[in-house]
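The values are calculated or read from the model by the stated rules, or taken from the named source; none is laboratory data. No experiment lies behind these values; they were computed from the predicted model shown. When we count neighbours, we look across all protein chains shown, and the Cβ atoms used for this are built from the backbone with ideal geometry, even at glycine. These area figures cover heavy atoms from the full protein model, side chains too; ligands, DNA and RNA do not enter into them. Shrake-Rupley method; radii C 1.70, N 1.55, O 1.52, S 1.80 Å.
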Amino acid sequence: MNDDFLPSASLQSLKKRAGILRDIRKFFDDQHFFEVETPLLSHDTVVDRHIHPISISKQDVTGASADSDVRFWLQTSPEFGMKRIVSAGANAIYQIGKSFRQAEAGGRHNPEFTMLEWYRVGDDLRSGMQLLADLVETILELPKTEMVSYREAFVRFASVDPFEGSIDEMKLTLEKNKVDIAGINDSQRDTWLNLVLSEIIEQKLGRGA
């Protein structure tokens, strides 16, 4: 019998996911956050030039033939809606929901994905990093998180300085780590920094390297 109708995830994986979501909600509840839900579809779209939203015509939404050039947008993240709630006076909120981004398909990306996002009034960069560390340690049952700067991570794990190293140095580092860069003809420094970060450094973080 053909089993193409079955889900691509196993029941074991789905149960594990449900447990993780339950633990995440408990973590934020214990931190005195409250959960919110914002609209997936909006008249407004993202302003980040590097994120490509998925649009739907007004005709698709309403069935009307008029104003068919008017577009609605699937949220690329719940940021706008959540910041409106913070502006209304909320001090600490979180959301676990669907987000959508066009042209993001690969080993680590999917056009539709689940995103966790939170906001807490008064947090600075350090306290935000600490909350993330506490979350990861709690949910994944990991030891205390080590704080590593951007530059330190590049120097320690890739032997290249992200601020002073040249593109040629980054290319050499990628090749030494057996990363295929053939066909990448990009003169943008950020492109090569992102490649080193994603293909070398991320693989070593948290592994005692």
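Data table
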item: Residues (more than 14 Å from Thr76 (Cβ to Cβ), at pLDDT 95 or above and open to solvent by 70 Å² or more (accessible area, probe 1.4 Å)) located in the stretch 87-106; result: Ser87, Ala88, Asn91
item: Residue among Asp180, Asp161 that is touching a helix residue (DSSP H, G or I) at 6+ places or on another chain (Cβ under 9 Å), open to solvent by less than 80 Å² (accessible area, probe 1.4 Å) and without any contact (Cβ under 8 Å) to a residue 12 or more places away in the chain; result: Asp161
item: Filter result (assigned to a loop (DSSP other than H, G, I, E, B) and either surrounded by 14 or more Cβ atoms within 10 Å (Cβ to Cβ) or without any contact (Cβ under 8 Å) to a residue 24 or more places away in the chain (or both)) within the stretch 123-145; result: Asp123, Asp124, Glu141, Pro143, Lys144, Thr145
item: Filter result (within 20 Å of Pro39 (Cα to Cα) and either among the basic types (Lys, Arg) or part of a loop (DSSP other than H, G, I, E, B) (or both)) within the stretch 100-109; result: Arg101, Gln102
item: Residue in the stretch 3-16 that is surrounded by fewer than 16 Cβ atoms within 10 Å (Cβ to Cβ), at pLDDT below 95, under 22 Å from Ala103 (Cβ atoms) and hydroxyl-bearing (Ser, Thr, Tyr) present; result: yes
item: Val46 vs. criteria of a type outside the set (Asp, Glu) and surrounded by fewer than 13 Cβ atoms within 10 Å (Cβ to Cβ); result: no
item: Some residue of the stretch 107-121 being free of Cβ contacts under 8 Å to residues at least 12 places away in the same chain and open to solvent by less than 70 Å² (accessible area, probe 1.4 Å); result: no
item: Which numbered condition Glu37 fails, given (1) of a type outside the set (Lys, Arg); (2) under 19 Å from the mean Cα position of the chain (by Cα); (3) crowded, with 16+ Cβ neighbours inside 10 Å; result: (3)
